[in-house]
1. Return yes when T317 is crowded, with 18+ Cβ neighbours inside 10 Å, under 19 Å from V249 (Cα atoms) and either in contact (Cβ under 8 Å) with a residue 12 or more places away in the chain or within 34 Å of the chain's Cα centre (by Cα) (or both) and no when it is not.
2. Closer than 18 Å to N268 by Cα and of a type in the set (G, A, S): is that true of G292 in this structure?
3. Could you identify the single residue in S6, S59 that is of a type in the set (S, T, Y), modelled with pLDDT under 80 and over 30 Å from V228 (Cβ atoms)?
4. Counting just the residues of the range 265-279 that are within 17 Å of A322 (Cβ to Cβ) and in contact (Cβ under 8 Å) with a residue 12 or more places away in the chain, which one comes out surrounded by the fewest Cβ atoms within 10 Å (Cβ to Cβ)?
5. Considering only the range 358-374, state which residues are buried (at least 19 other Cβ atoms within 10 Å of the Cβ) and more than 16 Å from L137 (Cβ to Cβ).
6. Considering A322, A298, A233, A262, which residue is out of contact with any helix residue (DSSP H, G or I) (no Cβ under 9 Å at 6 or more places or on another chain) and either aliphatic (A, V, I, L, M) or touching a residue at least 12 places away in the same chain (Cβ under 8 Å) (or both)?
7. Taking only the range 349-371 into account, find how many residues are within 20 Å of Y303 (Cβ to Cβ), among the aliphatic types (A, V, I, L, M) and without any contact (Cβ under 8 Å) to a residue 12 or more places away in the chain.
8. Testing F302 on (1) at pLDDT 95 or above; (2) outside any helix (DSSP H, G or I), one condition comes back false. Which one is that?
Amino acid sequence: MPEGQSSNRFSFPLRRSTVPRQISRRQREEDLQRLVLLGVGALVLLAAAIVLVPFLKRSVIDPRQTIATVGDQRITRALYDKYQALEATGLTQPQILAQLPPALRQNEDEIRTQIRETVQQAQAAGGEPDPQIVERLVNNAVLAQSTKQAGIQLSDEDVQKKLDEYVAPPAASAAATGTPGASPSPTTAPASGTPTVAPATADEQQKVFTVIEETTGVSKEEYGQLVVAPQLAQERYVEKNVSKSAEQVHVRHILVASEADAKSVLDNLKKGTKFEQIARERSTDQANSSKGGDLGWAPRGFYDPAFEKAAFGLRETGQLSAPVKSQFGWHVIQLIQRDDDRPLSEQQTQTLGQIKLSKFVEEQRKRLEQAGQLNVDLPPSPTPARNEVG
């Protein structure tokens, strides 16, 4: 190669050295675009997850969740939600069914709206299941599976018949229709001047359950099992296990805070101070002090055990007890009357029945637990309110 002439072998590599830099820049741009697209895609997926996951949890996962098992019955979140909807609208009291036909006849749209809005409000609260509602569902299931132990029978036909009676009570129908076979007249007025409500037709009775299902999601069959069957089982248990009459005492009492106060009250009574006067002035039982401490008639099972033992231990009219300590405080009790076989009032029958039923259900829960057939992580059901002193 002549002197002074440059060599091309050095220029060629210099020209090619620019190519990798151009490719690298283009690659970076493409990589950046891919990253942007991936980021946007990730954000879209995240937004979808934020919306979809709660929806799936609420509509698919949660309804299948098992809250409790009683024997071979699963109490699921879906079942709980339906019972909660009925409770929110008051429909767990089946007696309300008789009010629906005339109400729907008057303004069906308004009734539908009221029920639907009430259910939506209850469901909007969300959260974990209410332990008290779960307890009622568990106890209902326990009772349904313990009818043999209770000595009662309950068929699907019995439940259906009772359900029909709730929607169209026989007494109301008979009063409204008058002579059997006569056409009911909504304009017929009794002697009192109050218009007679026409009895529900078969179509109106069916509409009651159509409205309930469309607004709460509970079918007629489900309503029968969730509400009517437990109610009927309870009624039959009370009929079988609570007699028409029982030993009862009619007592009055003075409730004070300490034994010393009770002894002071007893001393004043023995000195001749009127029982009613001391009760009004010193008794802390505000519900009965204005009545001179009079508690009325009550059978066994209504009172605190210590109070009951002292009250039924009094034999003579006017006899006073020694100071008695209960969970409410200290009492001085006086016997007004006693009767070894006094008829129970309807309220007494229902209260006594609920007390006995509560004990029976608790015994059956223990039986099922010991057999491994009851699984629920909740506190035991509370004892129904008694005619308690204090």
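1. So T317 fails the test.
2. yes
3. Numbers: S59 fails: over 30 Å from V228 (Cβ atoms).
Of S6, S59, the one residue that is of a type in the set (S, T, Y), modelled with pLDDT under 80 and over 30 Å from V228 (Cβ atoms) is S6.
4. Just the residues of the range 265-279 that are within 17 Å of A322 (Cβ to Cβ), to begin with: 265-271, 275, 278.
Add one more test, that the residue is in contact (Cβ under 8 Å) with a residue 12 or more places away in the chain, and what stays is 265-266, 269-270, 275, 278.
Values: V265: 24, L266: 17, L269: 17, K270: 9, F275: 22, I278: 21.
The extreme case among them is K270.
5. Those that are buried (at least 19 other Cβ atoms within 10 Å of the Cβ) and more than 16 Å from L137 (Cβ to Cβ): none in the range 358-374.
6. None of the others qualify; the one that does is A262.
7. 0
8. (1)
The values are calculated or read from the model by the stated rules, or taken from the named source; none is laboratory data. Keep in mind the model is a prediction, meaning the values are calculated, not measured. Positions of Cβ are backbone-derived with ideal geometry, glycine not excepted, and every protein chain shown enters the neighbour counts.
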